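Trainee: One structure, as structure tokens, below. Some questions next.
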């Protein structure tokens, strides 16, 4: 069996893994990237629409263009070893950590390392998770799978489709399907407001007169061998009103109903998972409950902007390098979600530096205020013109913001939205 | 062989037909098994709960009781020969009240009468030690260590593979629509104008045994479909039990069960509701609540958050509450095997023996095949090997190193093995390998399996289906559909429209 | 005449109110930057969109279809009325690796000055 030793191993060669690997190698450590597909780039490869990189590069790039920037960075670095078409099946935390990576090309490779970066991304919530009753015909796809089939393989999954979920993936697919000649009968959204960006409502639905059914859901899928139709049911005060249901004849239904951080490997490592995010609990350096195992990107929590994924992953990588150099701080203090906040990441902060956080609101509100408090006293406030659960909020706490903490016995911070 | 007359034609390649076929393959008679679907096990057997029952639910005065007990003990040897997933994990029937405990005692006595080995009446301490996740209100129950769980479709695939290895012919996509009685044989016609001739017939057509009986001019049967809905739970589910958990049965059904599977996942269900028609396999929301309420009563930690998927199956019930396995009185060369609902899976190996004997009684001369080989090749499954064993295997056959389904750890070599054994639909591959069965439900492996299928079979992408004609996955390629001009006036760009 | 719309130039999505009498009188309110003004004008006069799509890659050695398609995009927003014809044309194209990111595949679509370019590089197999 081939045996290898690296300073760090990154699980996943997508946007998070590439940014982390580039930073780790750039600072002189050896790093292996394990990627199960036959190319780097992750989900960006199939996101052929634009809107990426506006924050990071001040350019409006497509997914593949954004990915290529990081792929080129990584390919140029000497101390990055890339394992394509490789899947980690057996892992053991320890000193060192050990990983068995399976591939056609190399057989099973035993890799030992001192630090691990979990960057495996997400999987899609599927029909089984949300339990749509009815029959089980062919023609039920998650939006991401349909995107992969159309954009990478050039396969069209159906001719008349209904899309469940108005998140950006569903909206983008409404346009993509229309642009390959598929009839999109409508987008069905359970909430009373669309969860994707308004610009996508305009350029993906309104441009094509595709109806958006807010406060509706799909209550049944019909068809023996292939989908023949779905029943769309409105909700009033959160409850389905079957009497007002209507049917849409279609041969396909696309589900864009949420993403789940894919933490199976994390589980195998014994990492503690946060039920609010679906990803690991992490301290201020994005290190999990297992020493030397870090997490960044969608596996940690579902992001909206890849620009933030890159930022988070590079930040994580800097801490990985500190850890490898024996310079990792251990005095972290907790930061928790308060009123109207679903989660805040990371779960801890370090007083002597600038800490960046990402959070999600539980509520939709205009002219909101973000308040970080210590023992009930506000430490910092930030005005937010508009918050909604599907738009991640970012904020900083620097040394000055945090100076009152040193005088307090209680160190726990609470973040709320009012 | 194909132009002449078969000795036996079996209609239906579910677990019953396949068991009979495999039994007959030990003899020199020419046997053909006919299946109307694209692949075997795609009918009733596909959605079977997979329980090998403990032999105490029915008296041996019934045929099903006798065959259940006989069938149960045949599974160990079958597993050695055919390598399907099977675990004798044990069954518990649990009681909450003194009244229920009396019913449990009756089941125990019945089992003892049926000569079932190892049955045990358990008090509160004993039953909770056997299954710590039980509801603390359980006061006792029955423990049947002879009970177990299998993957029914893997079982059928392996039976058919073994039967074929020993000379049985399989004809899929052959739906019997007409039969003509000739002097000493039947001329059987399929839906697509195929035909063949056979001297003896076995009607093992499950839900359609009544139609097939009519086609052959035999008894009037009425198969009433009874639907059962079930849920599959994640292997990481906290509520996963060690043993199969039964409540005390009612007069109507065995109840909602919690069933661990041999591969580490778990099922809850099934319901038992008379269905409108044989084809309506839809699941409903009302059943969901009922199933989880009942399951949680047995194992409180069962949670709907762990659901991977839901599905429904259909039981072929016949009036009279017993198996109808007999030489047809109207067609003396036809063996009827109808109304095989629970404990049909458990009884299947014994049904194979029983039908073989009925064929003999009906006049079929059976000579043992001297070169009968009961074993089939065991296909390595990468997930069962240690990394070192896996490495050795991958060095010899690299396709074992290419992991296609990461949720269930299935390699490309296993998918190719499935395809080469005739499982050329997405569902067939799923049942043989487990790829697409895991938590992502095919999100990350489907597009890879589509490519492998095209490469191995030469099928075009439009021909590939979920489970046969009518269920294709891809309808067109990009560029084949006309792109419509944009609408004349775009709709208002008001938010929230 | 009045029309409400949302600017799509960046993710902020400013809500605009556009009023006009003649085509040269367009007045825009609600934008936070100059992009909003030009977007609104264009939406009324000559709506344009950036088009992203994929084209087939010639793969003489592939047994079961090409390995993957090449993502492409318009270098600038293209007049909406030209989009269906562009898509129809590009789906029929076939490009051969090696391809450089940014390479022009169709020059000056319908005389608009907008090109179709490759959105990634592809090596020869």
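Trainee: Counting only DSSP beta bridges with both residues in chain A, what percent are antiparallel, rounded to the nearest 5?
Mentor: DSSP beta bridges in chain A are roughly 60 percent antiparallel.
Trainee: Rounded, prolate or oblate for chain A? Axes are the square roots of the Cα gyration tensor eigenvalues, ordered a ≥ b ≥ c, and the cut-off for rounded is a/c under 1.5.
Mentor: Oblate is the answer for chain A, as a/c is 1.5 or above yet b/c matches or exceeds a/b.
Trainee: Moving on to the next point. If you look at just the Cα atoms of the protein assembly as shown, how large are its Rg and its Dmax in Å?
Mentor: That works out to 31.3, 104 Å for Rg and Dmax.
Trainee: From other protein chains only, count the Cβ atoms within 10 Å of every residue's Cβ in B:388-395, then give the mean.
Mentor: That average works out to 5.
Trainee: Restricting to DSSP H runs of at least four residues, report the calculated mean residue ellipticity at 222 nm for chain A, -39500 (n - 2.57) per run over all residues, nearest 500 deg cm²/dmol.
Mentor: One gets -5500 deg cm²/dmol as the mean residue ellipticity at 222 nm.
Trainee: I want to verify a result. In a Gaussian network model of chain A, Cα cutoff 10 Å, which of these has the top mean-square fluctuation: A:65, A:236, A:112?
Mentor: Ranking A:65, A:236, A:112 by mean-square fluctuation puts A:236 first.
Trainee: Something else: Only bridges with both residues in chain B count here: give the DSSP antiparallel percent, nearest 5.
Mentor: 70
Trainee: Now for a different question. Counting only other chains, and only Cβ atoms inside 10 Å, what mean value do you get across the residues of A:85-91?
Mentor: Average neighbour count from other chains, rounded to a whole number: 4.
Trainee: Once you wrap a convex hull around the alpha carbon atoms of the range B:382-463, what is its projected area averaged over all directions, in nm²?
Mentor: With every direction weighted equally, the projected area is 5.2 nm².
Trainee: With no solvent and one point per C-alpha, what does the Debye sum give as log10 I(q)/I(0) for the range A:1-134 at q = 0.17 Å⁻¹?
Mentor: Debye curve over Cα of the range A:1-134, log10 I(q)/I(0) at q = 0.17 Å⁻¹: -0.90.
Trainee: Can you list, largest first and rounded to whole Å, the semi-axes you get for the range A:307-415 by taking the square root of 5 times each eigenvalue of its Cα gyration tensor?
Mentor: Ellipsoid semi-axes (Å, largest first): 24, 19, 10.
Trainee: From the square roots a ≥ b ≥ c of the eigenvalues of the alpha-carbon gyration tensor of chain B, which class results: rounded (a/c under 1.5), prolate (a/b over b/c), or oblate?
Mentor: rounded
Trainee: Restricting the count to DSSP beta bridges whose residues both fall in the protein assembly as shown, what percent are antiparallel, rounded to a multiple of 5?
Mentor: 70
Read-outs throughout are calculated quantities, based only on the coordinates presented, and are distinct from any laboratory measurement. For clarity, every value in this text was computed on a predicted model and none was experimentally measured. A quick note on method: Cβ atoms are made from the backbone with ideal geometry, for glycine too, and the neighbour counts reach across all protein chains shown.
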